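The values are calculated or read from the model by the stated rules, or taken from the named source; none is laboratory data. Bear in mind that the values here come from a model prediction, so they are computed numbers and not experimental data. In this analysis, Cβ positions are derived from the backbone assuming ideal geometry, glycine residues included, and neighbour counts consider all displayed protein chains. All accessible areas refer to the heavy atoms of the entire protein, side chains included, with ligands and DNA or RNA removed. Shrake-Rupley method; radii C 1.70, N 1.55, O 1.52, S 1.80 Å.
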Amino acid sequence: MPGLAPGDSAGGVPDSVNGTLVPYSSDSHVSAIYPLRHGLNPPISRVSVSWGRGNSLRVSVFRQPDSDPKSDGEVGGRVVEVTLGKSRDGEISDAQWRKIAYGSVSPFALLQSRKNSTASLSRMQLSPSPYHLEWWEYVMEYSKDISSLLGDPKTALAPLIEDPNEVFPKKVEEPSSLKAAWELMEMFYVDKLSQAWLPERLVDWLADYDSLISIDLPTVHSKLVEFQNQIVTLQVIEDDPRYWDLISSALAVGWLEIVVKLLRLHGSYRLDQLGRRETENGLVEAVAVLISKMPRMRPAIDAGKIGECFKAKPDFVKAWERWRAQITKLDSSAFWVQCDHRQTREGLKNMLQIMLGNVDVLCSSTCHWMELYISHFLYIRPFTAGLESMYSLAQKCIRLKHTSNPHKLMRLMIGILGENNEVVLAECSRGFGTWMVAHAIELLTAGSNEADILVHEEREDLGGISLEELHRLVYAQLLSSHLLTWQIAPIYLTSCMRQGMGLLEILLLKQPVQENQMLLKNLEICRLYELDGISSHLMEISGMYHWKHGRKGCAVFWLQQAHDEVRLSRIASQLFDSVGKSISGESFKQWEGLIELLGSEGQLAGGLNFLHKYRDFKKCLQHAESRKDADAARQAVESLMSLMRNASTPQRFWLPILYDAVKLLSWDEGPLINVSQTNLLLNKLQELSVARLRPDFVEPELPTQALNHVRYSLGTNLGRAILGEL
Amino acid sequence: MEKSLATLDNGTTCSSWNYSGQRLATGSVDGTLSIFDSGDPASTSFKCTSKARVGESGVVKVVWIPPLFGDAVACIDGNGSLSLWEEFAEDAQAVEWKHSKSFQSNSAKVLDVQFGVFRTILKMVVAHSDGQVKVYELSNPLELKIWQLQAEFQNLTDSVAKLAKASCFSASISWNPQRGDGQEMSFVLGFNSDTPQLNSSKVWEFDLDHQRWVPVAELALPEDRKDQVFSVAWAPNIGRPYEVIAVATHKGIAIWHLGSNPDTDGRLSVERAALLSGYEAEVWQMEWDMSGMTLATTGTDGLVRLWQSNLNGIWHEQAAFEPTT
């Protein structure tokens, strides 16, 4: 059955290339070869494989057996395990992964149950009540829940005493590309409210994740961080060309608060220089004020950020034109001539060019194509709404800032902008792993009908399942690989219409059952998903395990729970066999317990009925013997008679029973068994003598003289009984 | 990336994991069977917990018996004899690996053995070097001592024909890993022999009405029927409408689709979905993962290869591992 690759790009685990829908001939495909270190000395004679839990592959490597006695003690082989498809690039630790895996279960399950109830509503052709949320709003809630699991790259609260040299706000934690990818998917496919101000959302996104988007080239972020480390060593900051370059770069990507902060480090603000550099300072401040008044087409702005917000487009357009006019006016002002400091004059003029949307200046002020792209929205195409021609603009920016090794986030971005759902899915899987693709499908399908059709269409090539199901199965298999996560796999498997239950059954059948606690947990999962057949199977395996390990009581218990009549009746017949042998005190105790356990249920009833009576007889006999108790002896006689009268008492037990009864027959205080009873026993003995002549008769393990001994005792008793009854 | 689970003694030649991946059985040239356990299910370090001498000559193959019949293994030794061993404890005594049963054969060696479960019945298929296939059934599910020979046949599509004794080098058997009770028992079997008719992989199904094993499909194109088969592997099926079986010959690894509805002759439809070639080495072993989506193989080139199908149903090599020091 076709499957999705174990996707990983780093960490030495196979990379997924077949997540794409682009067909290729198998000949041209060259797969990667990964080293598998076993640490053995050559020569290696053989390798063998076995699949462990989920995706873990166990490889046994055998050395050529050594006949040289000197090499005694040399290791003969090693078994190593590789888990495939772990989406790990060092960014997220195993423990964090498990936290994400566990945390995403309840949002996922909630969304599935909402999906089911919405589907049943529409099946009943009921219109959803007006109080119901739109579907995308549910997905939005889901998206926010998941997003919060992926870390929070928001900036820390501003410290009380601000360090003037600290231009770059500290992050609480390092941003993760997984969260960055999730946010991209959310903003493009789910969040309908932000569609109108998508460019501004992209500006925010870049501010959060600019540190991630490039593998080998610098970004505005990396240059800013580098510069910040050197600020304290600079005497006259405005003389340094990097200062002005960085201010322009930060302005180009819209990090206005950083720009203003950097501007205020300008030397003309210093009290001792204010007098001499009044005009210069005026110009710096004028630019800073203009920047802080930049109109932004967005509903609100985060605390600490600057700009003037406009919700409605007409207001924004008006404000934008007014702002632009002020810049143009400042640009042509006469004050520039009076500014003696060349770097300041040129730097500020350059910033005005950025704000006026000069393509060349924007291009030289940005490093990465994404930065250039964002600067286009800010200064060249501020009125862009929705996705209109965003893709062609992106291509233009990529041409201008080409990189041969694009980051996985950028590959995803291109897929999204190109509105190619297949590429988006493939990039999610390839770059971010099976967790991402299994969960992000919900975001993708909330956004478009085409995506919905793409992921829900049942494909013959996939054995009749949809892409959505395939990705969930693959994720569930990955979850099954670890002892701490396999128990959440059922939640994903049961959301798969066609093949999920099949995989769940296999998963459960592979769980070890030796430990009771583990078994109970597995049985609980079976009960939850109504897998009665599987739970019986697990109980049978457990029963057999205990049986073979000498814990017969446990074995019978679990076999009974499993209603395994075949094995139980085998056990019952084994009991018969052991009962048939002469019984010492110890083994009597043991099978007595088993008889108790086996109960008297079902088809075993006939045989077990006998065993129960036989047990009662033996008990009374023991009492009578040990305590010389006449009452107990009389009870034993009653049991004896009921046993011998009962048709279900197997013939092969007659002699052992009668042999046991010899003690009663020779009771010192007088005969316990009357004439008619003795006659009955004698008749049985006669019948037995005849039966012994048949070839299939099984001789009980008793002393050879047992029969004669019984006959003699019965004869003696008959005599005593006749005398007693006279 | 790779994690070491166990270190094996000098002379170890084969290994096998049990159903849950919690126990490892290995066999060695001096005829020792070793069992490795981790103690704690969370631990991934396996240590040898018991050893038993199972034969005079070396062990060449160890196969676990399904867990429904206890913790037990079948061992094939260098002389080609087959013995069954199980972990057993008499009441309150220490656990021991004990001999349960030996299958002696006069001249033919045992090449492969595999177990299949149907409800409470355990069946064992044994392939011999003279080309004979024997199917045994366990009489008492509580003990591995008494086996009944249920059928004996040759791997031929024409069940009436009989061939003179063949000479086979290896054989590969794989049971249909079905879970439901709806299906009949079936397995696939291929030989590597000097008798061309025996070689090609055939699917055998138990006909309940007539109480006999019948060949229901042959997994080879007409021109490939004489090819010697190195290994076969029947994939788990979690809901596909067809079965998937991998067959390795010197031409490569063929992925076969087997239909579920028989035609009027009782034959099942077959289709070769892929031939994974460009793979020079002779295949030693093939193993499907739990979902039947990924096939892992080993071979004479010493590499572990992983094969998958892409979204268009095209099979290809997904990755390979090269064992290195």
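Give me the residue from segment A:242-265 that is of a type outside the set (Asp, Glu) and open to solvent by 20 Å² or more (accessible area, probe 1.4 Å) and, out of that set, nearest to residue A:284 (Cα to Cα). Once the filter is applied, the top-ranked residue is A:264.
Identify the residue in segment B:88-106 that is away from chain A (no Cβ under 14 Å), part of a loop (DSSP other than H, G, I, E, B) and out of contact with any His (no Cβ under 9 Å at 6 or more places or on another chain) and, among all such residues, is nearest to residue B:138 (Cα to Cα). That would be B:104. In segment A:476-487, the residues that are more than 8 Å from every other protein chain (Cβ to nearest Cβ) and touching a residue at least 12 places away in the same chain (Cβ under 8 Å) reach residues that are in a loop (DSSP other than H, G, I, E, B) and among the β-branched types (Val, Ile, Thr) with C-beta atoms within less than 8 angstrom, at least six apart or across chains, in these pairs: A:479/A:485. Scanning segment B:266-303 for residues that are at the interface with another protein chain (Cβ under 8 Å from one of its Cβ atoms), of a type in the set (Gly, Ala, Ser) and outside any strand (DSSP E or B) yields B:278, B:291, B:292, B:302. Looking only at segment B:40-54, which residues are over 15 Å from residue B:72 (Cα atoms) and either within 11 Å of chain A (Cβ to nearest Cβ) or open to solvent by less than 80 Å² (accessible area, probe 1.4 Å) (or both)? B:40, B:41, B:42, B:43, B:44, B:45, B:46, B:48 - these are the residues of segment B:40-54 that are over 15 Å from residue B:72 (Cα atoms) and either within 11 Å of chain A (Cβ to nearest Cβ) or open to solvent by less than 80 Å² (accessible area, probe 1.4 Å) (or both). Checking each residue in segment A:41-54 for being open to solvent by less than 20 Å² (accessible area, probe 1.4 Å) and touching a Pro at 6+ places or on another chain (Cβ under 8 Å) picks out only A:47.
Within segment B:1-37, the only residue that satisfies the criterion of being open to solvent by 20 Å² or more (accessible area, probe 1.4 Å), more than 8 Å from every other protein chain (Cβ to nearest Cβ) and part of a loop (DSSP other than H, G, I, E, B) is B:30.
Quick one: would you say residue A:469 is within 14 Å of another protein chain (Cβ to nearest Cβ) and more than 23 Å from the chain's Cα centre (by Cα)? Walk me through it before giving the result.
On the way: within 14 Å of another protein chain (Cβ to nearest Cβ): yes; more than 23 Å from the chain's Cα centre (by Cα): no.
Judged against the criteria, residue A:469 is not a match.
The lone criterion from (1) outside any loop (DSSP other than H, G, I, E, B); (2) within 20 Å of residue B:77 (Cα to Cα); (3) in contact with an Asp or Glu (Cβ under 7 Å, 6 or more places away or on another chain) left unmet by residue B:206 is number (2). Of all residues in segment B:304-314, those that are in contact (Cβ under 8 Å) with a residue 24 or more places away in the chain, surrounded by 21 or more Cβ atoms within 10 Å (Cβ to Cβ) and facing chain A (nearest Cβ under 7 Å) total 1.
So, in segment B:138-159, exactly how many residues are open to solvent by less than 50 Å² (accessible area, probe 1.4 Å) and within 14 Å of chain A (Cβ to nearest Cβ)? Even if it seems obvious, please write down each step before you answer.
Quick first cut of segment B:138-159, residues open to solvent by less than 50 Å² (accessible area, probe 1.4 Å) only: B:138-142, B:144, B:147, B:151, B:153-157.
Narrowing the set further to residues that are within 14 Å of chain A (Cβ to nearest Cβ) leaves B:138-142, B:144.
Qualifying residue count for the region: 6.
For residue A:517, the conditions (1) over 16 Å from residue B:68 (Cα atoms); (2) polar (S, T, N, Q); (3) not in a helix (DSSP H, G or I) all hold with the exception of (3). Among the residues of segment B:95-113, is any surrounded by 21 or more Cβ atoms within 10 Å (Cβ to Cβ), among the charged types (D, E, K, R) and modelled with pLDDT of 90 or more? Yes, segment B:95-113 has at least one match. The single condition among (1) out of contact with any helix residue (DSSP H, G or I) (no Cβ under 7 Å at 6 or more places or on another chain); (2) open to solvent by 10 Å² or more (accessible area, probe 1.4 Å) that residue B:135 does not satisfy is (2). Looking at A:364, A:375, A:268 in this structure, which one is open to solvent by 50 Å² or more (accessible area, probe 1.4 Å), in a helix (DSSP H, G or I) and of a type in the set (Gly, Ala, Ser)? Within the list A:364, A:375, A:268, the selection yields A:364. The residue pairs whose first member lies in segment B:149-162 and is of a type in the set (D, E, K, R), whose second member is at pLDDT 80 or above, and whose beta carbons are closer than 9 Å, counting only pairs six or more residues apart or on different chains, are B:152/B:132; B:152/B:133; B:152/B:134; B:152/B:135; B:158/B:197; B:158/B:215; B:162/B:154; B:162/B:156. Restricted to segment A:658-671, and to residues there that are open to solvent by less than 30 Å² (accessible area, probe 1.4 Å) and not aromatic (Phe, Trp, Tyr), the residue that is farthest from residue A:616 (Cα to Cα) is A:670.
Taking segment B:60-77 as the range and being within 12 Å of chain A (Cβ to nearest Cβ), farther than 16 Å from residue A:50 by Cβ, over 14 Å from the mean Cα position of the chain (by Cα) and free of Cβ contacts under 8 Å to residues at least 60 places away in the same chain as the test, only B:71 passes. Here is the figure for segment A:528-547: residues that are among the charged types (D, E, K, R), more than 9 Å from chain B (Cβ to nearest Cβ) and touching a helix residue (DSSP H, G or I) at 6+ places or on another chain (Cβ under 9 Å) total 1. Within segment B:266-292, the set of residues being of a type in the set (A, V, I, L, M) and either open to solvent by 20 Å² or more (accessible area, probe 1.4 Å) or within 21 Å of residue A:58 (Cβ to Cβ) (or both) comprises B:268, B:270, B:273, B:275, B:281, B:283, B:286, B:290.
Name the residue, out of A:702, A:718, A:680, A:707, that is part of a loop (DSSP other than H, G, I, E, B) and touching a residue at least 12 places away in the same chain (Cβ under 8 Å). Write out each step before concluding.
Numbers: A:718 fails: part of a loop (DSSP other than H, G, I, E, B); A:680 fails: part of a loop (DSSP other than H, G, I, E, B); A:707 fails: part of a loop (DSSP other than H, G, I, E, B).
Unique residue meeting the criteria: A:702.
All conditions in (1) closer than 30 Å to residue B:7 by Cα; (2) at pLDDT below 90 hold for residue A:81, with the sole exception of (2). One residue stands out in segment B:231-265 among those that are in contact with a strand residue (DSSP E or B) (Cβ under 6 Å, 6 or more places away or on another chain) and more than 14 Å from chain A (Cβ to nearest Cβ): the one that is surrounded by the fewest Cβ atoms within 10 Å (Cβ to Cβ), namely B:262.
When A:525, A:506 are checked against the criterion of being within 27 Å of residue B:65 (Cα to Cα), more than 8 Å from chain B (Cβ to nearest Cβ) and open to solvent by 10 Å² or more (accessible area, probe 1.4 Å), A:525 stands alone in meeting it. Apart from one condition, residue A:498 fits all of (1) within 30 Å of residue A:570 (Cα to Cα); (2) assigned to a loop (DSSP other than H, G, I, E, B); (3) facing chain B (nearest Cβ under 9 Å); the exception is (1).
Name every residue in segment B:49-82 that is part of a loop (DSSP other than H, G, I, E, B) and out of contact with any Asp or Glu (no Cβ under 6 Å at 6 or more places or on another chain), in order of residue number. Spell out the reasoning first.
Taking segment B:49-82 as the starting set, the residues that turn out to be part of a loop (DSSP other than H, G, I, E, B) are B:54-58, B:65-67, B:69, B:71, B:78-81.
Result: B:54, B:56, B:58, B:65, B:66, B:67, B:69, B:78, B:79, B:80, B:81.
Taking the condition open to solvent by 10 Å² or more (accessible area, probe 1.4 Å), basic (Lys, Arg) and out of contact with any Pro (no Cβ under 8 Å at 6 or more places or on another chain), does residue B:226 pass? No: the conditions fail for residue B:226.
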